[in-house]
Ligand code: GLO
Ligand code: MG
C-alpha cells in the first residue's frame, strides 16, 4: 500500500481577486488567517515566497531575517504544518524589471543572486531543503534586448553560486513559456534539466511541473512530469488547469480537461510519487466572481478531484489495458478510459 499523498499550496492561492482590468473584489486575508485554512482544508505544507516568510526581505539585516524566519517556523510548528519550499520573488522588485539572473546590468544580476542566497537562508530557517525558481522575468519582450547565449550562461552561473552557498539545498526550476515575458528562456522541463547539466552539481537541480505552464507550451503535462520523473527530478508539482492558449488561468485541477488531469495522476501513480515524500502542490486561483465566503473552494475542490482521480487510476481494469495494448486496439483502450472516467 503506497503512502498517502500530501498536499500543499501557497498563501498567494487565497487572493483578493484583482486582475489586470479591475481591482480587488474580496477583503484581504491575513497570513495568520490563511495559515488556519491549511489544516481545515486538509493540507500539510506551505509553499513560501521568501517575502511571505520575511516581508521586505531586502530591507532586513541578517539578524532580523534570521529572527523573523525563526518566528515563522514557530508559527508553522504551532499549526502542525511544514514548509515545502521557498521561492525568491525577484519579479516584483523594481530591480528585477528586466530579469534578475539574466539582466544586462551586472549589479542587477548580483542582486538577484544575493537575494536568492537570502531566500536559501530563509528556507533553512523554515526547515526545508527545497528552493523553487520560477524564472518569471528571465526572458525578453524583444529578442534584440539581450544576448540569449549569455543569458543561459548567466543562469547556470547563478545556480552555481547558489549550489556553492548551500551544499545541501536542492533547486527545482518551474518552467513556463511566457507571461509575464513574451518569451521565457526556460519554457520546458527539458530546458531546465539541460541547464542542470551546465552546473557544478546537476544532481541538485531539478524541476517543478505546473499543468498550465506545460499546456501554454503546447505540451502534455503528464509527459513533462514523466521526463523529470525518469531522472528522479520531479520535486514538486503545481496542479491546476487551463482553457486553451491564453493567459495563465490557474483553474481548479481537472475542471477543464478531466482526461488530461487523469493522465497527470496516472503518471504520478506509476512513479510511486507519494513514496518520494514530495508534495502535491495546487497552484490554483479562485475565479474573480467568487464571493469571499466561498473563495477557498478552488483548493478543496482541486484536492477532492485529485483524490477521485487517484481512485480512478487505481481501479482501471489492468487486464483490459493489457489486452488492448497486446492487440494494439487503442480505440478500445480509449473507450475503456472514457467509460471508466464517466463511471
Ligand atoms: C506563475 C507561477 C507562480 C509560481 C510561484 C512560486 O505563473 O506559477 O505562481 O508558481 O510564484 O514561485
Ligand atoms: Mg506555479
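We did not get these values from a lab; they are worked out from the coordinates using the rules stated. Given the structure is predicted, the values throughout are model-derived calculations rather than measurements. As a convention, Cβ positions derive from the backbone with ideal geometry for all residues, glycine included, and neighbour counts pool all protein chains shown.
At a glance:
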{"item": "Evaluation of residue 101 against (1) in contact with a helix residue (DSSP H, G or I) (Cβ under 6 Å, 6 or more places away or on another chain); (2) not in a loop (DSSP other than H, G, I, E, B) (one fails), failing number", "result": "(2)"}
{"item": "Among the residues listed as 179, 168, 144, the single one being free of Cβ contacts under 8 Å to residues at least 40 places away in the same chain, surrounded by fewer than 21 Cβ atoms within 10 Å (Cβ to Cβ) and in contact with a helix residue (DSSP H, G or I) (Cβ under 9 Å, 6 or more places away or on another chain)", "result": "168"}
{"item": "Hits in segment 289-302 - residues which are more than 16 Å from ligand 2 (Cβ to nearest atom), under 23 Å from the mean Cα position of the chain (by Cα) and in a helix (DSSP H, G or I)", "result": "297, 300, 301"}
{"item": "Strands (runs of 3 or more DSSP E) contained in segment 155-263 and holding at least 1 residues more than 23 Å from residue 89 (Cβ to Cβ) and more than 16 Å from ligand 2 (Cβ to nearest atom)", "result": "none"}
{"item": "Output for segment 245-284, where each listed residue is within 16 Å of ligand 1 (Cβ to nearest atom), touching a residue at least 24 places away in the same chain (Cβ under 8 Å) and more than 23 Å from residue 130 (Cα to Cα)", "result": "245, 247, 248, 249, 251, 252, 253"}
{"item": "Enumeration of residues in segment 74-100 that are away from ligand 2 (no atom under 16 Å from the Cβ) and within 17 Å of residue 279 (Cα to Cα)", "result": "76, 80, 81, 82, 83"}
{"item": "Qualifying positions in segment 272-288 - under 17 Å from residue 241 (Cβ atoms), away from ligand 2 (no atom under 13 Å from the Cβ) and out of contact with any strand residue (DSSP E or B) (no Cβ under 7 Å at 6 or more places or on another chain)", "result": "286, 287"}
